[in-house]
Amino acid sequence: DFKRKYPQIAFEIRINDSKTIIDAIASNELYLGIVGAKPHSAKVSYEPFVDDEMILAAHGDSDIASKIKIKDLKKLPFIVREQGSGTRKSTESLLSGEKLSIRQLQICATLGSSAAVKEAIKAKLGVSILSRHAINEELESGTLKEIKVDGLTLQRYFYIVTPARRSLPHQYEVFHQHLISMR
């Protein structure tokens with residue numbers, strides 16, 4: 001939508017974990033990012049962007065029940081994101097609220113992107129907690145399925161992150177305003 005409206009504006013787009021993006025903005029390497037975690041930093045500002053639902057995802061053919069108890073998470077082969085990932089931080093936070101540590105899970109792989117986690121689930125390596133936004137197509141096609149976890153609310157926000165003490169260049173400000181209008 002933005003590209004149709006402003007065809008002359010082009011950006012370098014980086015896909016990385018939240019910590020890396022936040023650090024790049026704090027060190028003036030990037031001007032704007034969208035992240036799934038909000039660690040404290042005096043060098044950046046956060047603005048709520050969009051609500052996100054995290055879900056437990058399994059292969060579409062998995063024999064795991066469609067609804068499980070929190071304690072059952074410990075019995076499943078788990079694929080997790082790397083340290084610094086907003087998805088990892090959200091998962092750890094959600095589990096800690098239920099007195100469960102990520103170390104209590106049967107972690108079979110730690111991967112560096114949601115796309116890699118999604119492919120690992122498709123390869124039947126295990127289950128993972130991912131953003132519904134990241135796997136919506138696979139859920140609709142039945143390649144992946146959602147497993148409800150009784151009593152676990154898996155909500156988070158995505159945030160727009162910008163430098164705290166620096167104005168955005170014009171084209172970034174235009175993009176920033178476009179993002180805000182999408183909320």
Item to complete: Would you mind calculating the relative contact order of the stretch 3-154 from Cα pairs under 8 angstrom and at least 6 residues apart, reporting the percent as a whole number?
Response: 33 percent
Item to complete: With a 1.4 Å probe and every protein chain left in place, tell me how much accessible area PHE78 has, in Å² to the nearest 10.
Response: 0 Å²
Worksheet item: Could you name the aspartates and glutamates in cross-link range of LYS145, using Cα to Cα under 16 Å and dropping any fewer than eight places away on the same chain?
Response: GLU53, ASP61, ASP63, GLU119, GLU137
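Once the cut-off is 26 Å, how many percent of the Cα-Cα pairs in the stretch 65-183 end up in the long-distance tail? Intermediate values should be presented prior to the final figure.
Values: 2127 of 7021 pairs.
Everything past 26 Å amounts to 30 percent.
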Discussion item. Between SER113 and GLU140, how high is the FRET efficiency from 1/(1 + (r/R0)^6) when r is the Cβ-Cβ distance and R₀ = 25 Å? Nearest 0.05.
Written reply: 0.75
Item to complete: Find the Cα radius of gyration of the stretch 1-86, compare it with 2.2 N^0.38 Å by division, and give the number to two decimals.
Response: 1.52
Item to complete: Could you please report the charge total around VAL35, scoring K, R as +1 and D, E as -1 over all other residues with beta-carbon less than 15 angstrom from its beta-carbon?
Response: +1
Item to complete: Can you bin the stretch 113-177 into rounded, prolate or oblate? Criterion: square roots of the alpha carbon gyration tensor eigenvalues sorted a ≥ b ≥ c, rounded for a/c under 1.5, prolate for a/b above b/c, oblate for the rest.
Response: prolate
Practice prompt. Could you pull out every residue, at least 5 positions away or on a different chain, whose amide H is within less than 5 Å of the one on LEU144? Hs are placed 1.01 Å off N in the peptide plane, and Pro or chain starts have none.
Written response: GLY60, LEU139
Fill in: the chain - mean residue ellipticity at 222 nm from DSSP helices (-39,500 (n - 2.57) per run, n ≥ 4, rounded to 500)
-9000 deg cm²/dmol
Fill in: Share antiparallel - DSSP beta bridges, the stretch 24-183, percent rounded to 5
70 percent
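The values are calculated or read from the model by the stated rules, or taken from the named source; none is laboratory data. Because the structure is a prediction, the values reported are computed rather than measured. We place every Cβ from the backbone using ideal geometry, glycine too, and count neighbours over all the protein chains shown. Quick note on the areas: whole protein, heavy atoms, side chains included, nothing else; ligands and nucleic acids left out. Shrake-Rupley method; radii C 1.70, N 1.55, O 1.52, S 1.80 Å.
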